[in-house]
Amino acid sequence: QVQVVEYGGGLAQPGESLNLSCTARGSVFSINKMAWFRQAPGKQRELVASIKNGNTNYTDAVKGRFTISSGNTKGTAWLQMSDLKPEDTAVYCCNARSTAGSMVMYEYWGQGTQVTVSA
């Protein structure tokens, strides 16, 4: 009943900016947390940024460069990426969750979008 789709991936040069968008459609009324994960070659999937009730969290590697935001419509999120670095290269996946405190009740994943940063 919930479909999550990401847009905005592509190729960028170091120092450039790139924006990713995520939209969850369907029965999204219970979704109250959005997040972006990424998985680089040879590394485990890591949390990049998350937002819940206006509160945001970022991994140290992207602090000061990436900004996550959500729209008025539930299940929407954007990731603004600035000053991109080669190490940002990864498959970025949007995650939409229905949570109660720290407990995940429902979780939905997007198909992922490739971000490549190369000189």
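The values are calculated or read from the model by the stated rules, or taken from the named source; none is laboratory data. Given the structure is predicted, the values throughout are model-derived calculations rather than measurements. A quick note on method: Cβ atoms are made from the backbone with ideal geometry, for glycine too, and the neighbour counts reach across all protein chains shown. These accessible areas exclude ligands, DNA and RNA; they are computed on the full protein's heavy atoms, side chains included. Shrake-Rupley method; radii C 1.70, N 1.55, O 1.52, S 1.80 Å.
Across the range 1-19, the number of residues qualifying as within 22 Å of Y106 (Cβ to Cβ) and open to solvent by less than 100 Å² (accessible area, probe 1.4 Å) comes to 4. For the subset of the range 55-81 comprising residues that are under 14 Å from the mean Cα position of the chain (by Cα) and polar (S, T, N, Q), which member is farthest from G101 (Cα to Cα)? Of everything passing the filter in the range 55-81, Q80 is farthest from G101 (Cα to Cα). Among the residues of the range 68-113, those that are hydroxyl-bearing (S, T, Y), more than 24 Å from Q44 (Cβ to Cβ) and surrounded by 14 or more Cβ atoms within 10 Å (Cβ to Cβ) comprise S69, S70, T76, S82, S98. Please go through the range 20-51 and give me each residue that is open to solvent by less than 80 Å² (accessible area, probe 1.4 Å) and without any contact (Cβ under 8 Å) to a residue 12 or more places away in the chain, ordered by number. Answer for the range 20-51, where residues must be open to solvent by less than 80 Å² (accessible area, probe 1.4 Å) and without any contact (Cβ under 8 Å) to a residue 12 or more places away in the chain: there is none. Scan the range 52-67 for residues that are within 17 Å of A90 (Cβ to Cβ), open to solvent by 40 Å² or more (accessible area, probe 1.4 Å) and of a type in the set (K, R) and the total you get is 1.
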